[in-house]
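The values are calculated or read from the model by the stated rules, or taken from the named source; none is laboratory data. From a predicted model like this one, the values you see are computed outputs, not experimental measurements. Note: ideal-geometry Cβ built from the backbone for every residue, glycine included; neighbour counts use all protein chains shown. Just so you know, the surface numbers come from the protein's heavy atoms only, side chains and all, with ligands and any DNA or RNA stripped out. Shrake-Rupley method; radii C 1.70, N 1.55, O 1.52, S 1.80 Å.
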Amino acid sequence: MAEKDDAHGTMTGDNHAALWHGRFAEGPDAAAVDFETSIYVDERMALDDIAGSKAHAAMLARQGIISEAENEGIQRGLDSIARDVQAGTLAVDYSAEDIHSFVEATLTDRIGEAGKKVHTGRSRNDQIALDERLYLRRVIPDLQDAVRSLVKTLADIAAQHTETLLSGYTHMQRAQPVTLAHHLCAWAWPLVRDCERLSDSLGRIAKSPLGSGALAGSDLPLDREFVAERLGFVGVTENSLDGVSDRDYCIEFAADFALLQMHLSRMSEEIVLWASAEFGFVDLSEKWSTGSSIMPQKKNPDFAELIRGRTGKVYGDLLALLVMMKGIPLAYDRDMQEDKQSLFEAYDTVLSNVRVFEAMIATARWNTQRMAASCEGGFANATDVADYLVRKGLPFRTAHAVAARAVRLCIERGLSAIEELPLADLQGLSPLFGADIFALITPRACVEARSVTGGPAKAQVAAQIAALRAFAEKKKE
């Protein structure tokens, strides 16, 4: 067993020495160890490192590189480490360089010299490239499940509000009437695409890099395909140099996280606006609001604001990965050790934000009267006036001009809605106006008239809700 060096917090036994220590006559300075270690970050990949080592050891035995007895000892030792990791009874040695070193040293402590054979035919370069892929394949489905759950919650709320009128906005100006259900579906569909992007990215890490070695593979008779199949990959990476020298998959997932976070941020921004007294569309639960230390009346949408604010952190993680990789020559360089912190932080942030947003929105109360009032006045039906004339045979550009003149006439007379104009005045703008115009340009009539696929009409929104619910019910991919 290794002995603890209390002065430096490092393990002094041979099993816990740096994997590269044989080249050096003296060990690294304690400050150097603290500076270069990554185990504080990569310890979360312990189970993935163990899974890769188990498959690798099985292959070594199958190829006759180690004995079956040694493989059985390695498998039992690794299984015992995995059980202790899952039970939380294995104390991580933070003086270890990384999770690979810690697992191998712990294995050797438990089974003896056979533990030192587990690294045969591999490098930490291909080992970390494997561990990251295994980790992402393990945790990304959890994020996808969280996104699906949020989609379902939005669809369920939408189902209760297919007739709740709400003004749609462009340029933060009232534009056209829709419904709250239609708007919530517009929140949900980008999340569907976010989930699909994650699946696409998972497809691009479906090949195992193990066997690439440091960069040039191995002269031992390794069976890379056996290991890949055993770990659930569809194949192996085609080029050993490429297999260890890129982190494009980390960048791709970070980009996926950034897009998802962007959508959460935009939704949160609308919640912040809608929760204000000026809008008054939504009343957030007191469980998901905070007060002010000086203003007793305040009820602040802090959680929506925090989701919005943490978007910068996710964007920063993506940028850090891009900058880290942009000038690195092939193959592995130590810069790449920094990939994990950015990747893991972005993942943790976006997963937390998805779950918080769902909890916040699920308990919100909606002020349907204020929403409906937003559709009154403001000339949100001006396009529908133009479309009315188009149906009467007028070219749209001409009809657009007539509707615009109607709006200007209202403004000149101090009126807030086109329907406040007498029919005679409308007919003075165009003889095509009939008495039926007023029934056709109410907010509800405008909504129901827009029955094209994807439109706000009740039947179309109901179809969207059904599709969103079907998507949300998908199992982990």
Cubic angstrom per residue, convex hull over Cα atoms of the stretch 361-402
104
Cα-based radius of gyration of the chain once divided by 2.2 N^0.38 Å, which approximates compact folds
1.34
Could you work out the equivalent-ellipsoid semi-axes for the stretch 19-131, taking the square root of 5 times each eigenvalue of the Cα gyration tensor, largest first, in whole Å?
23, 17, 13
Averaged per residue, what accessible area in Å² does the chain show with a 1.4 Å probe, protein chains only?
47
Kindly state, to the nearest 0.05, the FRET efficiency for E376 paired with L322, given R0 = 51 Å and r defined as their beta-carbon distance.
0.60
Ignoring ligands, DNA and RNA, please state the percent of accessible area on the stretch 200-283 from carbon and sulfur, probe 1.4 Å.
51
How much length is gained on full extension from A404 to V390, taking 0.36 nm per residue of separation minus their Cα-Cα distance?
3.6 nm
Given a Förster distance of 60 Å, report the FRET efficiency between A31 and A159 from their Cβ-Cβ distance, rounded to the nearest 0.05.
0.50
Where both residues lie in the chain, what percent of DSSP beta bridges are antiparallel, nearest 5?
85
Over the Cα atoms of the stretch 268-363, what is the Rg over Rh ratio if Rh follows Kirkwood?
1.18
For the stretch 341-415, alpha-carbon Rg over 2.2 N^0.38 Å:
2.00
Once normalised by the length of the stretch 362-477, the mean sequence separation of its alpha carbon contacts under 8 Å that are 6 or more apart gives a contact order in percent of 19
Rounding to the nearest 10 and keeping the result within 0 to 90°, find how far the Cα-based axis of helix 99-111 lies from the longest principal axis of the chain.
40
Give the lysines whose C-alpha is closer than 29 Å to that of K54, dropping any in the same chain fewer than 8 places away, or say none.
K4, K116, K117, K207, K340, K475, K476
Theoretical ellipticity at 222 nm over the chain - DSSP helices of four or more residues, -39500 (n - 2.57) apiece, nearest 500
-18500 deg cm²/dmol
DSSP loop chymotrypsin sites (Phe, Trp or Tyr not before Pro) with at most 11 other Cβ within 10 Å: longest gap in the chain
25-477
Averaged over every viewing direction, what's the projected area of the C-alpha convex hull for the stretch 320-477? Give it in nm², one decimal, please.
17.1
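So what is the relative contact order for the chain, in percent, with contacts set as C-alpha pairs under 8 Å and at least six apart?
16
Restricting to Cα pairs below 8 Å that are 6+ residues apart, what does the relative contact order work out to for the stretch 148-264? Please round to a whole percent.
Numbers: 129 pairs, mean separation 25.5, N = 117.
Result for the stretch 148-264 is 22 percent.
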With axes computed from alpha carbons, what is the tilt in degrees of helix 382-391 against the longest principal axis of the chain, rounded to the nearest 10 within 0 to 90?
70
Which percent of the accessible heavy-atom area of the stretch 116-196 goes to carbon and sulfur, probe 1.4 angstrom?
49
Can you tell me the Rg and the Dmax, both Å, for the Cα atoms in the stretch 129-258?
21.6, 70
Residue-ordered couplings for the stretch 461-474, obtained by feeding phi - 60° into the Karplus form 6.51 cos²θ - 1.76 cosθ + 1.60 and rounding to whole Hz (Gly and Pro as x), are 5, 4, 5, 5, 4, 4, 5, 5, 5, 4, 4, 5, 7, 4
Report the calculated FRET efficiency for E286 and D348 (r = Cβ-Cβ distance, R0 = 41 Å), to the nearest 0.05.
0.95
On the accessible surface of the stretch 323-477, probed at 1.4 Å with all protein chains in place, carbon and sulfur together account for a percent value of 55
Two-site label geometry, A439 and L273: point separation in nm, points 7 Å out along Cα→Cβ:
3.5
Alpha carbon centre of the stretch 404-470 versus the stretch 275-351: separation in Å?
40
